[in-house]
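A short reminder: the numbers here are calculations on the coordinates, not readings from a lab. Nothing here was measured: the structure is a model prediction, and the numbers come from that model. Methodologically, a virtual Cβ is constructed for each residue, glycine included, from the backbone with ideal geometry; neighbour enumeration extends over all protein chains shown.
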Amino acid sequence: AKIFTQEFSTLSKSRQIKYLKMKYVIEHMEKGFTEWVILEYAQILRDVGSDNLILTCLPEGTTDRDIPVSLLKLGLQWSTKDASHFIPRDIPKSRLCLLDPRAELDLQPTDTGEFDYFIFGGILGDHPPRDRTGELRQRLNCPGRRLGDSQMSTDTAARTTKIILDGTPLEEIKFIDYPEIRFSRHEATEMPFRYVLDGDYRPILPQGMLRLIKKDSERSLDQFF
Ligand code: SAM
């Protein structure tokens, strides 16, 4: 659903309460919706719930028809405006937290009391990292927190943030760096990011991602033949 663009204070109380709940904000910084981005956003919606999330900064003129159906089905709320347009005016910048790989402090469970909104770059990982989050750092000019010193995908960053805000310190979360995804004896792909491990010590990837990685690797192999 498209989110309002009018001033927060002019909204009805019930709408204000609804929007105040959306504490995860993803500022979309990619061009359009690639399959990777769709799978990552879909997973974040499943993990944090559609009431808690807004996808901002979509190109002017975007309509529901431009949004992938799978995201609409999961209840995606979105806006063409950036985060500053719908975060209530009376919430000071000190209550916003940019998840920033270059921040000085790591996020801690006590930060639940410090911040009302957690803002992520909707950016596909690049290796080596190009600090595209820096654009948000400059634009938002709000406090930042790091999630350790390794680059994560946006869905992993959102998952890690939720685990920490739910009470588990970063040091106690089990991660794997640069996992190798093996499809067969001859085919494997290394993912140059950090992932949270599940109870079976497997990296948590968005639903459907393994299939997509396999498809992409077959496509790039095809180029050699
Ligand atoms: N290479 C990108 C860059 O140059 O900024 C990294 C983008 S990362 C794939 C997408 C988003 O996840 C970042 O904008 C940030 O909000 C969050 N993120 C990823 N790793 C993080 C970390 N170690 N600490 C804090 N935030 C992180």
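Amide H to amide H distances under 5 Å link F183 with A188, T189, where only residues 5 or more positions off or on other chains count and H is placed in the peptide plane.
Distance from the C-alpha centroid of the range 112-156 to that of the range 42-96: 16 Å, rounded to the whole angstrom. Local charge for T189 was computed over the other residues whose Cβ lies under 10 Å away, with Lys and Arg +1 and Asp and Glu -1, and equals -2. What the Cβ-Cβ distance of K214 and R46 gives, at R0 = 30 Å and to the nearest 0.05, is a FRET efficiency of 0.90.
Taking each DSSP H run with n ≥ 4 as -39500 (n - 2.57) and averaging over every residue of the chain yields -8000 deg cm²/dmol at 222 nm.
Summary value for the range 127-218: 23 percent relative contact order, contacts being C-alpha pairs under 8 angstrom separated by 6+ residues. Here the Gaussian network model covers the chain, with springs between Cα atoms less than 10 Å apart; of E35, E172, E27, E172 fluctuates the most. Each of D82, D66, D149, D155 was scored by other Cβ atoms within 10 Å of its Cβ. Arranged with the fewest first, they read D149, D66, D82, D155. Footprinting exposure proxy ranking of H85, H28, H186, fewest other C-beta atoms within 10 angstrom first, gives H186, H85, H28. Among E190, E40, a tally of other beta-carbon atoms within 10 Å of each Cβ gives an order, fewest to most, of E190, E40. Available extension along the chain between T34 and D149 is 38.7 nm, counting 0.36 nm per residue and deducting the alpha carbon span.
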